[in-house]
Structure formats: structure tokens, C-alpha cells
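Enquirer: Okay, here's the structure, questions in a sec.
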Amino acid sequence: MDVRQREQLEQDGYVLLEAVLTEAEVGRLPDRLEELWAMEGERAGEENYIEHNARRLANLVNKGDIFLPVLRHPSVLEAVRVVLGPQVRLSMMNARDALPQTTAPSRAARERGRGKVVTTSSDTIQPLHSDADHGGKPDEQGYYACTSIWMLDDFTHQNGATRLVPGTHRSNKLPKEAMADANAPHPDEVIVEGRAGDVLVFNGHCWHGGRANRTSSHRRAILTHYIRADHPQRLVQKEALAREVQERMDLWERELLGLED
Ligand SMILES: O=C(O)CCC(=O)C(=O)O
């Protein structure tokens, strides 16, 4: 990261790192995700949660060594440490695909909580949110959540590139406190477009959300959520990873996964 990128991450709360994945990885990773989606069927994502209008997968570290370069990529970890400081842990590694021609559930359907899908004019599919558990706001030591979105398809305005409201990690407010409807467009939001292989790293306290995919192609990504080491992991990796997977990890990976804690 150069000085300008670091400043953007600190001030605006996000940075796009370009061409982090090799062409070969951009080819291989989606193939593995597709295999997992085919194998897991309707259960896909259940270790975390299942989302209407998006295919999800969870606990990816347990599902192939192919994901290890994503776990421990030095450029991404450098950015994560700008947000969280030196002691970081993986909280969870998931995948998310904003499904082709997705339509947002209506407000009424969302309130009924049944996730019934109806067409609306809205381009949002997820409310603006913070990725930090425990209230979502920084604590006395500062920020404790940081997320990276690994683009496996190009992210465009049309196919559901992530929206994000710059600077909101410094607001000490949550979207639901500041907005009448966190599903509505925010006047200051930016839509982060990028190429397959780029990685969007953002402060987990910065408001963001997934958007509808208006194209006929998939918009797939791997989401890695990091936390400051004094916070609990959302998916306790020590429990979530099979013994043989844990045994394959080197010391550096074990620390990052909290297996040594
Ligand atoms: O996939 C995206 O664009 C964002 C997803 C997200 O923020 C989430 O699933 O919490």
C-alpha cells in the first residue's frame, strides 16, 4: 500500500487493492466455490447464515488448501493491520454470490421476516450495516473489525458491486441510528467497482452493504472477516476446522486462526 492508499483506508474507511490474485487463482477459486455450492445444495452457508437472493458458503478454511493464500495474503494483512493494529485473527471466511437478476425483498416482506422475494425499484439488497459484533461501534481501544472482499468476477455498478459510505467508521453511529431506512440509498455512498482479482479492504465499522445484481451473470466473492485478537471470533476456528486441517497449518497460520490462543 502506498501513502495515498493508507490515508484513504484511514480517512474514508476503505481501499481497493488491485490485482492481488493471479490469473490462475481467479480461474481456480470460482471453480472450487461452484463445486462446494453443488455439494452443499440448500445447506450452503448454514455455518454462518443463509441469505435470500445470494448464494453463500461459510467456513472456507476447512474446505480446501486453495483458500490459504486468501487467508494469509501479505498485502491484505498489511491493510488489515492498519485498521486493527498488529494482533489480528480471522473471524470467518465465507463466499457470497449476488445472484443474477436478483430482486430486493419489499419492505413489507422484510418486516414479515419471511424473505419473500418481490420486485422493487430499489437497487439495494442488503441494508447498510457494520460488520462489528458487540454493538458495532469502536471500543475504548479503537476499531476491532476489518473485512476484505475478494472479487472473483468483475464488480460493476450493474452486477451488484458493494456500496459503502466513506468516513462512517468515524461517525460512532450505526446506520439504523442515523437513517430512517438502512435499505435506502445513502446520499454519500460510493459503489466500489473492480476487476476479478482485486480486493476491497474496509474498516468493518464503515457502513456498507451488498447490492442487487441486474445482469444475467454471477457476482462471486470471498469475504474474509478479521478481528482484533482480544475479540471473539464469529466462527471459532478451533472448533470449526477439522483436526487434519488444523494439523496442516504452519505456526503463522495457526496464530492467525487463533489455534494457539
Ligand atoms: O457482497 C457484498 O457486496 C457485501 C456483502 C456484505 O456486506 C455482507 O454479506 O455482510
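Enquirer: Looking only at Cα atoms, what is the convex hull volume of region 139-261 per residue, in Å³? Write down the numbers at each step before the final one.
Expert: Numbers: hull volume 17.5 nm³, N = 123.
Value for region 139-261: 142 Å³ per residue.
Enquirer: What distance in nm separates the two pseudo spin-label positions at GLU140 and GLU239, each 7 Å out from Cα along the beta-carbon direction?
Expert: Reported label-point gap for GLU140 and GLU239 is 2.8 nm.
Enquirer: At 0.36 nm per residue, and after removing the present C-alpha to C-alpha distance, how many nm does the segment from GLN101 to ASP154 gain when stretched out fully?
Expert: On the way: separation 53, 0.36 × 53 = 19.08 nm, distance 1.59 nm.
Taking GLN101 through ASP154 to full extension adds about 17.5 nm, to one decimal.
Enquirer: Fully extended, how many nm does the chain gain between GLU23 and VAL190 (0.36 nm per residue separation, minus their Cα-Cα distance)?
Expert: Difference between extended and current length: 57.4 nm.
Enquirer: Then there's this: FRET efficiency for ARG43 and GLU177, Cβ-Cβ distance as r, R0 = 35 Å, nearest 0.05? Write down the numbers at each step before the final one.
Expert: On the way: r = 35 Å, r/R0 = 0.99.
That pair, ARG43 with GLU177, gives E of 0.50.
Enquirer: A further question on this structure: Please grab the % of Cα pairs in the chain that end up more than 34 Å from each other.
Expert: Tail of the P(r) past 34 Å holds 12 percent of the pairs.
Enquirer: Follow-up. With each label point set 7 Å from Cα along the Cα-Cβ vector, what nm distance links GLU34 and ILE50?
Expert: Going from the GLU34 label point to the ILE50 one covers 2.3 nm.
Enquirer: Here's another thing I want to ask about it. 222 nm [θ] for the chain, helices only, -39500 (n - 2.57) per DSSP H run of 4+, per residue, to 500? Can you show the working numbers first?
Expert: On the way: 9 runs with 68 residues, N = 261.
Mean residue ellipticity at 222 nm (helix-derived): -7000 deg cm²/dmol.
Enquirer: Return the sequence-ordered ³J(HN,Hα) values of region 241-254 in whole Hz as given by the Karplus equation 6.51 cos²θ - 1.76 cosθ + 1.60 applied to θ = phi - 60°, using x for Gly and Pro.
Expert: 8, 4, 3, 5, 5, 4, 5, 7, 6, 7, 4, 4, 5, 4
Enquirer: How much length would be gained if the chain were fully extended between SER217 and LEU68, taking 0.36 nm per residue of separation minus their Cα-Cα distance, in nm to one decimal?
Expert: Numbers: separation 149, 0.36 × 149 = 53.64 nm, distance 2.66 nm.
This chain segment gains 51.0 nm when fully extended.
All of the numbers you see were taken from the coordinates with simple rules; none came from a lab. Values in this document were obtained by computation on a predicted structure and should not be read as measured data. Using ideal geometry, Cβ is built from the backbone for each residue, glycine included, and neighbour counts are taken over all protein chains shown.
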